[in-house]
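The values are calculated or read from the model by the stated rules, or taken from the named source; none is laboratory data. In this text the structure is predicted, and so the values were computed from the model without any measurement. Reconstructed Cβ throughout: ideal geometry from the backbone, glycine too, with neighbour counts over all protein chains shown.
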Amino acid sequence: MQPKILVLGMPRMGTQSICDALEELGFGRMYHMREVPPNEHWSKWVVLLDKKFKTKEPIQKQELDALLGSYGGLADFPASIFAEELIELYPDAMIILNSRDDESWVKSMNKTLWGSQAKIIAGAEDSNVKSSELRGRYHWYCWANDFPQYGLQYWHDYQRKVKDAAKGRPVLNYCSTTDGWQPLCNYLALMFQDLVNFIALFTSEVFLVTSK
């Protein structure tokens, strides 16, 4: 198995909800940050991040297959940091460019991922030592350990790079926090015709649950 769906974007953009929906729709297990701890993938992602940003070495397909090969798709850091490589190395995968309005995304990051990392940088004790090296790498490589200054710039550049890398392939520009599930289901139906009936049923069930 190889990833069939690439949900590209940043953390704190509804990535876990999208993964849950895709799994419910039958696309298999999705690779999310929550998959890193049970699989002890911390150091493997650190190696790939150093190759991408420090030594500028090409990422090989077998390296990503070793982490993602048993999954139906992916979303969230650390995998989504490798957007350009994923688009190139999985040419048959669907591409969803997930987003969120800038203001609410920055606010959420400041309260969670960046907020806790900023305290550690300032000298607070790190209560999650296993994740410290990986977190340290992506906070440094993505926004130079200064999310308030460079976070939005990284995100805007990221969107442009995804669109450039995906030229010639359909891309769903999707905001899970405002668009609801219908655009996602419509896109999946377009790309996977054999799931049209199931997706229509799932959408109806979600509507019934959420409208109560």
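Here is a list of conditions, (1) surrounded by fewer than 15 Cβ atoms within 10 Å (Cβ to Cβ); (2) under 18 Å from Leu113 (Cβ atoms); (3) over 15 Å from the mean Cα position of the chain (by Cα), and Val46 meets all of them except one; can you say which number that is? Condition (1) is where Val46 drops out.
Mind checking whether some residue in the range 157-172 is at pLDDT below 85, within 18 Å of Asp101 (Cβ to Cβ) and hydrophobic (A, V, I, L, M, F, W, C)? No: the range 157-172 contains no residue that is at pLDDT below 85, within 18 Å of Asp101 (Cβ to Cβ) and hydrophobic (A, V, I, L, M, F, W, C).
With respect to the conditions (1) over 19 Å from Val162 (Cα atoms); (2) touching a Leu at 6+ places or on another chain (Cβ under 7 Å), Gly123 falls short on a single one, namely (2). The set of residues from the range 84-110 being over 14 Å from Lys4 (Cα atoms) and either part of a helix (DSSP H, G or I) or among the β-branched types (Val, Ile, Thr) (or both) comprises Glu84, Glu85, Asp102, Glu103, Ser104, Trp105, Val106, Lys107, Ser108, Met109, Asn110. Between Ser80, Ser70, Ser17, the distinction of being polar (S, T, N, Q), assigned to a loop (DSSP other than H, G, I, E, B) and either on the phi < 0 side of the Ramachandran plot or in contact (Cβ under 8 Å) with a residue 40 or more places away in the chain (or both) belongs to Ser70 only. Residues in the range 52-67 that are in contact with a helix residue (DSSP H, G or I) (Cβ under 8 Å, 6 or more places away or on another chain), more than 20 Å from Lys130 (Cα to Cα) and assigned to a helix (DSSP H, G or I): Lys52, Phe53, Lys61, Glu63, Leu64, Ala66.
Number of residues in the range 15-43 that are surrounded by 23 or more Cβ atoms within 10 Å (Cβ to Cβ) and farther than 21 Å from Asn128 by Cα equals 5.
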